[in-house]
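The values are calculated or read from the model by the stated rules, or taken from the named source; none is laboratory data. Given the structure is predicted, the values throughout are model-derived calculations rather than measurements. Every residue, glycine among them, receives a Cβ derived from its backbone with ideal geometry; neighbour counts consider all protein chains shown.
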Amino acid sequence: MAKYPFQQKIVTFGGGTGHFSLLRGLVELNQPELISAVVGTWDSGGSSGRLRTELGVLPPGDIRQCLLALMEDPKQRQVAQKLFDDRLANIEGPLKGHSLGNLIAARLEHIYKGADRGVEAERLLFRIRSRVLPVSISELNLMAKLEGGEELDGETNIDLRGEKENYDKKKKITRVYFETNADPNPEVLQVITDAEKIVFSMGDLYTSVLPHLLVAGIKEAIEGSKAKVILVLNLMTKIGETDNFKASDYLKSFSYYLGGKNRIDVMVANSNGLDSEILKVYKKDKQQPVAVDEAECRKISPGIKIVQKPLAVYHIREHLFRHDPQKLAGTILEVE
């Protein structure tokens, strides 16, 4: 136990690259057995979406990313990433274009007769000490309702709406919901009960993060937990989901999906600026930094603790503004 500076029972919710970065930092600083990554199961695009339709399995893409992030040996992770991300491009037939990592997950789900058992088998296979838990083992289809009444069907259609030629930013998302009842994974309810800290990762608000709270029993378990609840604020807005959002808009959204409860104890925000030339590039992509409007945040949640630190780094070659995994994890683990 002495190898790691922190031994905290941590539960994370999220998806995509944001969740990956958070977990990468946590597994380096916190006892791995005490980390539980909760993963969404409503992805409808790419290889995950095809496998979901063709084989009737839960979409494995985000699960695969979490497993990769939680591999402790950098060399193991490097080899696994090459293997998992291989798209079988040099073969013909129905497997062409599929991620090999997704196929492994789908096969284990079939062999062990259940998504939760398949994920556990994959965790054991790759000797990952942290836990990766699907938030639900129900087949879920995410829907969104826009101002004016229009409905969007499927996670991919919601996620990519900002890229369409007819996109109208005035038609904001008013709510997201599932077509059918979403039954919780009982193990997720248990880790929430046992947690010391519950962390909502940065990520796409309406397609990666908030839908976890639509699963039956999740918001009630969070409300009843003694854990400190932490929200990691996104670095940039996203066209189609969070156009012109400030920190208070994120808090309002969480308050709504948590049943009006001011359950967010801590908001972690980045204080790094971007130079004007880089900001111009982002503005061309219709993105801007998420401003922290503290006064408005405190109107929504008077007791909230707002932690602002330089947590981000700009990768000039890839033109990516991202959280530094270790700095972010360190900040979360140091919060009291």
- Filter result (within 17 Å of Y250 (Cβ to Cβ) and hydrophobic (A, V, I, L, M, F, W, C)) within region 295-327: A295, C297, I300, I304, I306, V307, L311, A312
- Query: Can you name the residue in region 231-251 that is of a type outside the set (A, V, I, L, M, F, W, C) and in contact with a Lys or Arg (Cβ under 7 Å, 6 or more places away or on another chain) and is also farthest from K145 (Cα to Cα) among such residues?
  - Reply: D243
- Item | Cross-chain or 6+ apart pairs with Cβ under 9 Å, region 289-308 first and assigned by TED's automatic domain parsing to the domain that holds L233, then outside any helix (DSSP H, G or I) and among the hydroxyl-bearing types (S, T, Y) | P289/T237; V290/T237; V290/T242; V292/S271; Q308/S271
- Item | Qualifying position, being in the same structural domain as R161 (by TED's automatic domain parsing), within 20 Å of F245 (Cβ to Cβ) and not polar (S, T, N, Q), among G259, G273, G330 | G273
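For (1) surrounded by fewer than 19 Cβ atoms within 10 Å (Cβ to Cβ); (2) on the phi < 0 side of the Ramachandran plot, each residue gets a yes or a no:
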| residue | (1), (2) |
| --- | --- |
| I173 | no, yes |
| I192 | no, yes |
| M202 | no, yes |
| I218 | no, yes |
| E223 | yes, yes |
| N244 | yes, no |
| S248 | no, yes |
| M267 | no, yes |
- Message: Residues that are at pLDDT below 95 and exposed (fewer than 15 other Cβ atoms within 10 Å of the Cβ): list the helices (runs of 4 or more DSSP H) wholly contained in region 3-107 that include at least 3 such residues.
- Response: 46-55, 74-85
- Are there any pairs with C-beta distances below 6 angstrom linking a residue in region 139-165 that is touching a residue at least 40 places away in the same chain (Cβ under 8 Å) to a residue that is of a type in the set (G, A, S) and surrounded by 19 or more Cβ atoms within 10 Å (Cβ to Cβ), with the two at least 6 apart or on different chains, and if so which? L140/A182; G154/S44; E155/S44; T156/S44; I158/A144; R161/G240; G162/G240
- Task: Would you tally the residues in region 236-275 being under 20 Å from I158 (Cα atoms), assigned to a loop (DSSP other than H, G, I, E, B) and aliphatic (A, V, I, L, M)?
- Result: 1
- Message: Any residue at all in region 287-295 that's over 26 Å from P211 (Cβ atoms) and either touching a strand residue (DSSP E or B) at 6+ places or on another chain (Cβ under 6 Å) or outside any strand (DSSP E or B) (or both)?
- Response: yes
- The residue from S271, S255 that alone is loosely packed, with under 15 Cβ neighbours inside 10 Å, closer than 24 Å to E336 by Cα and in contact (Cβ under 8 Å) with a residue 12 or more places away in the chain is S271
